[in-house]
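Report on the structure given below.
The values are calculated or read from the model by the stated rules, or taken from the named source; none is laboratory data. Just so it is clear, the structure is predicted and the values come from calculations on it, not from any experiment. Cβ sites come from the backbone with ideal geometry, for glycine too, and all protein chains shown count toward neighbours. Only protein heavy atoms, including side chains, enter the accessible area calculation; ligands, DNA and RNA are left aside. Shrake-Rupley method; radii C 1.70, N 1.55, O 1.52, S 1.80 Å.
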Amino acid sequence: MSWGTELWDQFDNLEKHTHWGIEFVERYTKFVKERSEIEVNYAKQIRNLSKKYQPKKNSKEEEENKYSSCRAFLTTLNELNDYAGQHEVIAENLTSQIISELTRFVQDLKAERKSHFHDGRKAQQHIENSWKQLEMSKRRFERDCKEADRAQQYFEKMDADINVTKADVEKARQQAQLRHQMAEDSKNEYTSCLQKFNQEQNEHYYTLIPHIFQKIQDMEERRIEKVGESMKMFAEIDRQVLPIVGKCLDGMTKSAESVEPKLDSNQVIESYKSGFEPPGDVEFEDYSQPMKRTASENSLSNSRGEGKDKPSGKSKPKLWPFIKKNKLSLKLGSGPEDCSHLPPEQRRKKLQAKVDDLNKEIQKEVDQREALTKMKDVYLKNPQMGDPNSVDPRLSEISHNIERLKLEVQKFDAWLAEVEGRLPLRNDQSKRQSGLYDTQNNAPVNNNCAQDRESPDGSYTEEQNSETQIKAPSTEFDDEFDEEDPLPIIGTCKVLYPFEGQNEGTMSVAEGEMLYVIEEDKGDGWTRVRRSEEEEGYVPTSYVEVFLEITKGAMTYI
């Protein structure tokens, strides 16, 4: 069925329908554009979500990646980032394959529609003008016929009147003949216009208008076909990314299946294993007999080693695994270079990692030195390529770096050997400390007692450095805030700035306040002070001005 034959008289309705069709294409284009914007925003939100939960560099979250569940979560985040990329691909394809195409198509459609309807209006105007000419010739023919009849009647009247002169009769006859001739001419013109109009009307309704309407029908069918293709493409664009989206989801599933609870639980052991042996049984001490009691070798209160006399007064057993220790030096400052603040097993791992890093740096420097040496040899053989002496400063710098790194490796190897038991623990220093104890307390010191080597902040210390303060043997490091015998006063200090002690083991002080110093800064940036018998704690060393008193009761330094 053709619009030209079936809708020959529906020009206005066709104009309205085609206008609605173009508006429909524009509305569908707007729909696809909004869908594309949704995909872009969704992909952006997914990427931001993935980025938000990515582990930060040099943070605790990076340490957590050794667990399989954390690695699986990281893989899920990466797959989710790729998943967001596929939605961006959808948005790009919607824009390039549908929105841009439909926008150009609508512009061409509007121009073609305007041309077709312009031709239709022109044809309609032409047939209307032909109809007007036909009407004008018809009215002229009618008027001339009436004039000819009136002239004929007037002539007959004049010819029958005997009182009218012959000249008047002749004049009336001539006038009647003229009118008859004019009527005949009008008739011929009317006949010609009628034939012409009928021919043009036949051509208009059976040739011209059907041809124009057929073009409009073809245009409309192309529009409908284009919309159908766009809708199909709309679905295909989504279908194209489904395999990659499926791979992303498969990656998430695979990462989830890679979670190993046993492996993670073993990682906890590797991360927090101290290397200490559990404490032995506490021996019974018989207080019913007046005798000098010494701590047994396996007792938890044996804090100074085998053969040392138990100091007078009560002393609490050191249940270090269950006591909440003060971690000021770990929370508020970095540990010492030898990692002596860590338990043996953790210290060994840290030192080994440091040695491995130093060896990698040495290898890099060695590779650079070899490359520069080869370059120097090339310069020596071919002076035109460069000056051999220009390489010497860099070679000297690299050699210096290698020597420095080797010294660092030796230092860390020595500490690593200590913690692994391959080397004695600074025998000369132990002897000096032992002699000092013999002088002051007539009691030997065993520096190899693992449970006694703890820093004042409650963390583990492998050995005492040259600045370690030697206190009375009754001091309990593990339970320093619960000990019976208070530390002696070694000086005073003036508070320079106010400090709010919010962490465990710290003490709040006010500016200008005078306090007693009972333990000097050991290098961690904290000084232990006392306000009264019941109130003592740590304050930042930079917040106070310390005045030490070298008295009999003061501490001795090695």
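Structure notes:
- Residue in the stretch 226-248 that is open to solvent by 40 Å² or more (accessible area, probe 1.4 Å) and under 29 Å from A123 (Cβ atoms) present: yes
- Criterion (at pLDDT below 50 and open to solvent by less than 80 Å² (accessible area, probe 1.4 Å)) met by exactly one of R304, R348: R304
- Every residue from the stretch 1-48 that is aromatic (F, W, Y) and either farther than 30 Å from H204 by Cβ or touching a strand residue (DSSP E or B) at 6+ places or on another chain (Cβ under 8 Å) (or both): F24, Y28, F31, Y42
- Breaking point among (1) open to solvent by less than 90 Å² (accessible area, probe 1.4 Å); (2) under 21 Å from K196 (Cα atoms), for Q133: (1)
- For the stretch 375-389, the candidate set comprises residues that are open to solvent by 80 Å² or more (accessible area, probe 1.4 Å) and among the polar types (S, T, N, Q); within that set, the residue that is nearest to the chain's Cα centre (by Cα) is N389.
- Of all the criteria given as (1) in contact with a strand residue (DSSP E or B) (Cβ under 6 Å, 6 or more places away or on another chain); (2) within 27 Å of P336 (Cβ to Cβ); (3) modelled with pLDDT under 90, the one not satisfied by S542 is (1).
Okay, residues lined up against (1) open to solvent by 100 Å² or more (accessible area, probe 1.4 Å); (2) without any contact (Cβ under 8 Å) to a residue 60 or more places away in the chain:
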| position | (1), (2) |
| --- | --- |
| D168 | no, yes |
| K171 | yes, yes |
| A183 | no, yes |
| N202 | no, yes |
| I224 | no, no |
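- Here is the figure for the stretch 393-420: residues that are open to solvent by less than 80 Å² (accessible area, probe 1.4 Å), without any contact (Cβ under 8 Å) to a residue 12 or more places away in the chain and charged (D, E, K, R) total 1.
- The single condition among (1) within 30 Å of E88 (Cβ to Cβ); (2) open to solvent by 50 Å² or more (accessible area, probe 1.4 Å); (3) hydrophobic (A, V, I, L, M, F, W, C) that W20 does not satisfy is (1).
- Candidate set: the stretch 64-118, residues that are open to solvent by less than 60 Å² (accessible area, probe 1.4 Å), aromatic (F, W, Y) and assigned to a helix (DSSP H, G or I); chosen: the one nearest to M252 (Cα to Cα): Y83
- Breaking point among (1) in contact (Cβ under 8 Å) with a residue 24 or more places away in the chain; (2) surrounded by fewer than 17 Cβ atoms within 10 Å (Cβ to Cβ), for N188: (1)
- Check on K30, exposed (fewer than 14 other Cβ atoms within 10 Å of the Cβ) and modelled with pLDDT under 95: no
- Subset tally (residues that are open to solvent by less than 70 Å² (accessible area, probe 1.4 Å), farther than 30 Å from E170 by Cβ and free of Cβ contacts under 8 Å to residues at least 24 places away in the same chain) for the stretch 136-157: 0
- Test set (1) among the aliphatic types (A, V, I, L, M); (2) under 53 Å from the mean Cα position of the chain (by Cα); (3) over 21 Å from N93 (Cα atoms) - A43 fails condition number: (3)
- Residue within the stretch 493-511 that is at pLDDT below 85, farther than 28 Å from R347 by Cβ, open to solvent by less than 50 Å² (accessible area, probe 1.4 Å) and under 44 Å from the mean Cα position of the chain (by Cα) present: yes
To keep it simple, each residue is scored yes or no on (1) touching a helix residue (DSSP H, G or I) at 6+ places or on another chain (Cβ under 6 Å); (2) of a type in the set (D, E, K, R); (3) in a helix (DSSP H, G or I).
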residue: Q153; (1), (2), (3): no, no, yes
residue: D159; (1), (2), (3): yes, yes, yes
residue: A172; (1), (2), (3): yes, no, yes
residue: H180; (1), (2), (3): yes, no, yes
residue: T191; (1), (2), (3): no, no, yes
residue: Q195; (1), (2), (3): no, no, yes
residue: T207; (1), (2), (3): no, no, yes
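- Hey, G251 part of a helix (DSSP H, G or I), open to solvent by less than 40 Å² (accessible area, probe 1.4 Å) and without any contact (Cβ under 8 Å) to a residue 40 or more places away in the chain or not: no
- On the stretch given as the stretch 256-279, residues that are modelled with pLDDT of 80 or more and hydroxyl-bearing (S, T, Y) total 2.
- Scanning the stretch 257-280 for residues that are of a type in the set (F, W, Y) and either open to solvent by 50 Å² or more (accessible area, probe 1.4 Å) or out of contact with any helix residue (DSSP H, G or I) (no Cβ under 8 Å at 6 or more places or on another chain) (or both) yields one hit, Y272.
- Failed item in (1) within 27 Å of E260 (Cα to Cα); (2) of a type in the set (F, W, Y); (3) crowded, with 16+ Cβ neighbours inside 10 Å, with Y53 passing the rest: (3)
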